[in-house]
Amino acid sequence: MQLPRIFTAMITPFNDAGQVDYDEAGRLANWLVEHGSGGLILSGTTGESPALTDRERMNLLRAVREQVGDDVPLWMGTGTNNTVHSRELSWEAAENGADGVLLVCPYYNKPPQEGLIRHFVEIATGLPVPVMLYNIPGRTGVNLLPATVRTITQECDNVVAIKEAAGSLPQMQELINLVSPQIRVYSGDDAMYFTALTLGAYGVVSVASHLVGDELVTMTESLLQGNLEQARQINTTLMPIFHELFRYTNPISVKWAMNYLGFHAGDVRLPLVTPRHEQAFEMLRQLIDQLVPERMWPRAS
């Protein structure tokens, strides 16, 4: 299976009543694909998965699929801290047209490594679509260790990738060294993507690609073609926006940014809130004005 180098973890647009705006989700998905996204991941962290109902997730998947067609890889976040529920969601996503599922480590209950193995194997076994594991201990409270990933991938041949967002370059390198070369290791952090590529990572599951997807494509291609200096310069230019998008809890900043560009992204759902003080997003606004050509802005109709 050929996986895209750049997945965008897509926001979930809401209307003024706080309901999922499926039409705008389709509009946004098409725009992302036009600007560097090789594939999309719906209802992940950036898509506010904890605040979506199961029905909303599936309706979102069907709505976006209808807009982008069958050629765009659409993956869905189906991981929870309940193994049975995660398996049910994963099967439902597959039946509704998902090309793959993203399974985050169980949060809050903090299982040991053996529990993580059994959790992921239970979900993945027999599933008719591929699986990407998702390690983000800053959110879940548990770290999926490289040796554990190797065990899971050896037991389940449909576990084909991992989104690694532990924030540790040594762990990233150990992971790349331990797993089979056929397992695609994705950086889960835009700010670490360039370095992860130099270590042997395959791609990125990106938030910044909402704004600078074309530049991420150019950086990736430059590095893979051996033009390290050009790739480094692009990364240096983009680093401020990588950091600014995470000034507040994701996806607060990126939703503000997409509203600023002209999408009807809406607000975040509680318990997240958008800062209201005047200077909250001033630096992000300046970076968008500087880095996103106005001809690309999808002005709202």
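The values are calculated or read from the model by the stated rules, or taken from the named source; none is laboratory data. Computed from a predicted structure; not experimentally measured. FYI the Cβ positions are ideal-geometry reconstructions off the backbone, even for glycines, and counts take in every protein chain you see. Accessible surface areas use protein heavy atoms only, side chains included; no ligands, DNA or RNA. Shrake-Rupley method; radii C 1.70, N 1.55, O 1.52, S 1.80 Å.
Under a Gaussian network description of the chain, with springs only between Cα atoms under 10 Å, the residue in Val159, Val129, Val104 that fluctuates furthest is Val129. Taking all protein chains into account, the per residue accessible area for the chain stands at 43 Å² (1.4 Å probe). For Ser206, the amide hydrogen comes within under 5 Å of the amide hydrogens of Phe7, Thr8, Ala9, counting only partners 5 or more places away or on other chains and with H modelled in the peptide plane. Overall dimensions of region 153-301, expressed as equivalent-ellipsoid semi-axes from the Cα gyration tensor (√(5λ), whole Å, largest first), are 30, 19, 14. Proximity of backbone amide H atoms, modeled 1.01 Å from N, is registered between Arg184 and Ala161, Ile162 at under 5 Å, excluding neighbours fewer than 5 places apart on the same chain.
The phi-based Karplus calculation (6.51 cos²θ - 1.76 cosθ + 1.60; θ = phi - 60°) puts the 3J(HN,Hα) values of region 209-224 at 5, 4, 10, 10, x, 4, 5, 5, 4, 4, 4, 4, 5, 4, 5, 5 Hz, whole numbers, x for Gly and Pro. Computed across region 6-296, the Kirkwood radius stands at 19.1 Å (inverse of mean 1/r, all Cα pairs). Along region 120-132 the Karplus relation, 6.51 cos²θ - 1.76 cosθ + 1.60 evaluated at θ = phi - 60°, assigns HN-Hα couplings of 5, 5, 4, 6, 7, 4, x, 5, x, 10, x, 10, 10 Hz to successive residues, with x for each Gly and Pro. I need the phi-derived Karplus couplings for region 173-184: 6.51 cos²θ - 1.76 cosθ + 1.60, θ = phi - 60°, integer Hz, Gly and Pro marked x. After applying 6.51 cos²θ - 1.76 cosθ + 1.60, I find 5, 4, 4, 4, 6, 7, 7, 4, x, 6, 7, 7 Hz. With contributions of -39500 (n - 2.57) from each DSSP H run of at least four residues, the per-residue ellipticity at 222 nm computed over the chain stands at -14500 deg cm²/dmol. Distance between the C-alpha centres of region 67-125 and region 1-61: 16 Å, rounded to the whole angstrom. Met239 sits among other residues whose Cβ lies under 15 Å from its own Cβ, and their net charge, with Lys and Arg +1 and Asp and Glu -1, is -2. Here the gap between Arg62 and Asp157, fully extended at 0.36 nm per residue and compared with their Cα-Cα distance, gives a gain of 31.5 nm.
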